[in-house]
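> Sharing a structure, written as structure tokens. Questions coming.
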Amino acid sequence: MATTIPSPPKVGMVSLGCPKALVDSERILTQLRSDGYQMSADYAGADVVLVNTCGFLDSAKEESLDAIGEAMAENGRVIVTGCMGNEADVIRARFPDVLAVTGAHQYEDVVSAVHEAAPAARGAFVDLVPDAGLKLTPRHYSYVKISEGCNHRCSFCIIPSLRGDLVSRRPDAILREAEKLVAAGTKELLIISQDTSAYGVDIKHKPQIWNGPIGQGREVRAHMTDLAEALGELGVWTRLHYVYPYPHVDKVIPLMAEGKITPYLDIPFQHAAPNVLKRMKRPANEAKVLQRVKSWREICPDLTIRSTFVVGFPGETEDDFQYLLDWLDEAQLDRVGAFRFEPVEGAAANALDGALPEEVKEERYQRLMEKTAAISTARLAAKVGRTLPVIIDEIGEPDEDGDLGATARSQADAPEIDGNVFLRNVSAQLAVGDIVDAVIEDADEHDLFGACAV
Ligand code: SF4
């Protein structure tokens, strides 16, 4: 008699927010897949829809509520998780029929809510999970989260109250995951956390044995520099995000100069004026940062620094803002994003005096963007004529002459955040994820243009 394989329940997923939330979604989906669930690409085919929310800014909360509303209207069987899940009352007040609300990183809770809403048929025929888990990013790059939470208390931020204090993963677990990802085709690892430089502080940098094919039983400390060194042996691009300029960051720069770690640092400076940094309660707030940036570039001239800034923080004077503009002239950061200060419900900064009118925030924002666009344009123009390694993200359709173009990124470009390198006349043999040399022929404010080197 033939065995009837029960069709597995299907889960839809809407993932909002930052790369950290994306990694959470991947983790949840990996677990559900191993529990026998299938994924649904649309609302109609889903037995239950998960909405992974972001609650960082009030505007992100609104977006999360809109996404829940859409999932309720389209499907009606909805489980909410993620940062905004910590505000279950707000969600239930608006959508009393959601099936469950769980907070950020409550993987077990969200998975058991799915089991309850749509029980999985278990048995020998459930799909096997790929070794490297399920990914929402393209196969050639992967985010690796090394810790959760944060020990700082920046006055504009509610992440510590949403996610708690720093909890670092074991270095051997991170390295095993990275090895598996590389074996599965990942060419670029994006290391993320709330504070990458603080990695391992909570577990007293305790060493563990790295038993993978590359680790071969060696001891690795739970420390940013040791982890960077070990990741550097995997032979792929490794990009460090959310790095604060603590002194030990200096030790990572030689690894970049040697080509082991991608020469790229994402440092969320947020401001430069000491007065504002103090009110923001920023970590690693020290006067010598400019000097250190200079010495990093002496060791590794190709180092790209990306950062974000907040303008119009309460109490920011015109002098403070001018200080920031002058600082940017000195620092010559390659990539800069900026936000106009926005009070976030529950943030300590809301109680600070000196709130600025919206027009002032807007005017400063425009001045900052003008300044950083000019710096970026000049820094990109200096790359014209050079040959740089690029990773292929997308291959286009042939144009009327049959020529193929491709969208790539240099080591200076993190996916989805920075610019691109647009390539003309690429070979039909080229595939997404290939790393090739490109001759840079032109540049604008954000992107480079070129052709594959022959
Ligand atoms: S370092 Fe500051 S801004 Fe970043 S997560 Fe921690 S408290 Fe928030």
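> Among 73-86, 12-25, what's the highest-first ranking by average C-beta atoms within 10 angstrom per residue? Before the final figure, lay out the partial values.
Values: 73-86: 22.8, 12-25: 20.6.
The packing order, highest mean first, is 73-86, 12-25.
> Another question, if that's okay. Quick check: the distance between the Cα centres of the stretch 215-272 and the stretch 403-434, to the nearest angstrom?
24 Å
> Using the Cα centre as the reference, give the magnitude of the dipole from point charges on the C-beta atoms of the stretch 141-382 (Lys, Arg: +1; Asp, Glu: -1; all else neutral), rounded to the nearest 20 debye. Please report the intermediate quantities before stating the final value.
Values: 31 positive and 34 negative charges, 159 e Å.
Dipole of the stretch 141-382, to the nearest 20 debye: 760 debye.
> So, one more: Can you tell me what share of the DSSP beta bridges in the stretch 320-454 is antiparallel? A percent to the nearest 5 is fine.
80 percent
> Could you work out how much longer the chain between residue 387 and residue 93 gets when fully extended? Use 0.36 nm per residue separation minus the Cα distance between them, nm to one decimal.
So the chain would gain 100.2 nm between residue 387 and residue 93.
> Tell me, what is the percent relative contact order of the chain, built from C-alpha pairs under 8 Å that lie six or more residues apart? If you can, show how the numbers build up before the last one.
Numbers: 913 pairs, mean separation 44.5, N = 454.
This gives 10 percent for the chain.
> Enumerate by residue number the GluC sites (Glu not before Pro) in the stretch 318-357 meeting two conditions: DSSP loop (anything except H, G, I, E, B), and at most 15 other Cβ atoms within 10 Å of the site's Cβ.
Loop-located and lightly packed - 345.
> Next question, about the same structure. Need one number: nm distance between label points at residue 297 and residue 435, each 7 Å from Cα along Cα→Cβ, rounded to one decimal.
For residue 297 paired with residue 435, the spin-label model returns 2.5 nm.
> Still on this structure, please answer the following. Using a 4.7 Å Cβ cut-off, which Cys residues in the chain lack a partner cysteine?
Result for the chain is 18, 54, 83, 150, 300, 452, no neighbouring Cys Cβ within the cutoff.
> Moving on. Run the numbers for residue 428 and residue 176: contour at 0.36 nm per residue of separation, minus the present Cα-Cα distance, in nm.
Here the answer is 87.3 nm.
> With point charges of +1 on the Cβ of Lys and Arg and -1 on the Cβ of Asp and Glu, referenced to the Cα centre of the stretch 10-117, which listed residue (91, 60, 28) lies farthest in the positive direction of the dipole?
28
> Right, next: For 176, 139, give me the order by solvent-accessible area with a 1.4 Å probe, most accessible first, ignoring ligands, DNA and RNA.
On the way: 176 105, 139 165 Å².
Correct descending sequence by accessible area is 139, 176.
> Antiparallel DSSP bridges in the chain: what percent, to the nearest 5?
Counting DSSP beta bridges with both partners in the chain, the antiparallel share is about 35 percent.
> Is there a quick way to get the dipole size of the stretch 378-454? I mean about its Cα centre, with the Cβ of Lys and Arg at +1 and of Asp and Glu at -1; what is the value in debye to the nearest 20? All intermediate terms of the calculation are to be shown ahead of the outcome.
Numbers: 5 positive and 17 negative charges, 97 e Å.
Charge dipole, the stretch 378-454, about its Cα centre: 460 debye, nearest 20.
> Taking the solvent-accessible surface of protein heavy atoms with a 1.4 Å probe, what is the per residue accessible area of the stretch 10-117 in Å²? Each step should come with its number before you reach the end.
On the way: 4320 Å² over 108 residues.
Using a 1.4 Å probe on heavy atoms only, each residue of the stretch 10-117 averages 40 Å².
> Still on this structure: Compute, for the stretch 10-117, the length of the dipole vector about the Cα centre, with Cβ point charges of +1 (Lys, Arg) and -1 (Asp, Glu) only. Units Debye, rounded to 20.
The calculated dipole for the stretch 10-117 is roughly 180 debye.
> Among the listed pairs 260/361; 187/288; 61/278; 61/180, give every one whose C-alpha distance is greater than 32 Å.
260/361; 187/288; 61/180
> To check you understand DSSP bridge types, tell me what percent of the beta bridges within the stretch 178-286 (both residues inside) are antiparallel, rounded to 5. Walk me through the numbers before you get to the answer.
Working: 3 of 8 bridges.
Of the beta bridges lying entirely in the stretch 178-286, close to 40 percent run antiparallel.
The values are calculated or read from the model by the stated rules, or taken from the named source; none is laboratory data. Here the structure is a predicted model, which is why all the values come from computation and not from measurement. Quick reminder, even Gly has a Cβ in these numbers, built from the backbone with ideal geometry, and neighbours come from all protein chains shown. The area values use the complete protein model at the heavy-atom level, side chains included, leaving out ligands, DNA and RNA. Shrake-Rupley method; radii C 1.70, N 1.55, O 1.52, S 1.80 Å.
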